[in-house]
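The values are calculated or read from the model by the stated rules, or taken from the named source; none is laboratory data. Since the structure is predicted, the reported quantities are computational estimates derived from the model, not experimental observations. Glycine gets a Cβ as well: all are built from the backbone with ideal geometry, and neighbour counts include every protein chain shown. These area figures cover heavy atoms from the full protein model, side chains too; ligands, DNA and RNA do not enter into them. Shrake-Rupley method; radii C 1.70, N 1.55, O 1.52, S 1.80 Å.
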Amino acid sequence: QVQLVESGGGLGQPGGSLRLSCAASGNIFRFGTAGWYRQAPGKQRELVAAITSTSTTNYSDSVKGRFTISRDIAKNTVYLQMNSLKPEDTAVYYCNARNYMGNYWGQGTQVTVSS
């Protein structure tokens, strides 16, 4: 059973930075697509950023130019570097891995942006 564990959330300052990590229990990020989603209170879960097995990246318009997704295959880890944080980035962030083996989610990590 594949497990995804997020870390790195917490309180960030407006204009500041946070880096989220998603560690997988197996070598799952070598194939398919890995992504970060977020869900704010009262809103639907939305895609923030994704990276494919060929390292093609995709970002939502709301984070483009501020967030960067990357992965370390050797460490079975995907990262989300979040810069120039805004209060509207406040949400629970979820890691996702989707490939021929299945569709997997982490438990989520809270990110709160506030002064």
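What number goes with the only condition from (1) more than 19 Å from residue 113 (Cβ to Cβ); (2) outside any strand (DSSP E or B); (3) touching a residue at least 12 places away in the same chain (Cβ under 8 Å) that residue 44 does not pass?
(3)
Among the listed residues 23, 74, 34, identify the single one that is touching a Ser or Thr at 6+ places or on another chain (Cβ under 6 Å) and farther than 22 Å from residue 113 by Cα.
Sole residue among the options that is touching a Ser or Thr at 6+ places or on another chain (Cβ under 6 Å) and farther than 22 Å from residue 113 by Cα: 23.
For the subset of the range 66-90 comprising residues that are in contact (Cβ under 8 Å) with a residue 40 or more places away in the chain and of a type in the set (A, V, I, L, M, F, W, C), which member is surrounded by the fewest Cβ atoms within 10 Å (Cβ to Cβ)?
Per the criteria, the residue is 73.
Name the pairs: first residue in the range 13-24 and hydrophobic (A, V, I, L, M, F, W, C), second residue in a strand (DSSP E or B) and open to solvent by 20 Å² or more (accessible area, probe 1.4 Å), Cβ to Cβ under 6 Å, at least 6 apart or on different chains?
Once the first residue is hydrophobic (A, V, I, L, M, F, W, C) and sits in the range 13-24, its partners that are in a strand (DSSP E or B) and open to solvent by 20 Å² or more (accessible area, probe 1.4 Å) give 23/5.
Scan the range 34-75 for residues that are touching a strand residue (DSSP E or B) at 6+ places or on another chain (Cβ under 7 Å) and aliphatic (A, V, I, L, M) and jot them down.
Matches in the range 34-75: 34, 40, 47, 48, 49, 50, 51, 63, 69.
Within the range 19-26, is even one residue more than 19 Å from residue 104 (Cβ to Cβ) and aliphatic (A, V, I, L, M)?
no
Would you pick out the residues in the range 20-41 that are not in a loop (DSSP other than H, G, I, E, B) and not small (Gly, Ala, Ser)?
Listed by number, the residues that qualify are 20, 22, 33, 36, 37, 38, 39.
Specify the residue that is farthest from residue 13 (Cα to Cα); the eligible residues are those in the range 91-108 that are open to solvent by less than 20 Å² (accessible area, probe 1.4 Å) and outside any loop (DSSP other than H, G, I, E, B).
Step by step, filter the range 91-108, then rank; the result is 97.
In the range 16-65, which residue that is in contact with a Lys or Arg (Cβ under 8 Å, 6 or more places away or on another chain) and open to solvent by less than 30 Å² (accessible area, probe 1.4 Å) is nearest to residue 91 (Cα to Cα)?
Going through the qualifying residues, I end up with 38.
Give me the residue from the range 1-15 that is over 23 Å from residue 114 (Cα atoms) and either at pLDDT 95 or above or among the hydrophobic types (A, V, I, L, M, F, W, C) (or both) and, out of that set, least open to solvent (accessible area, probe 1.4 Å).
Checking each candidate, the answer is 4.
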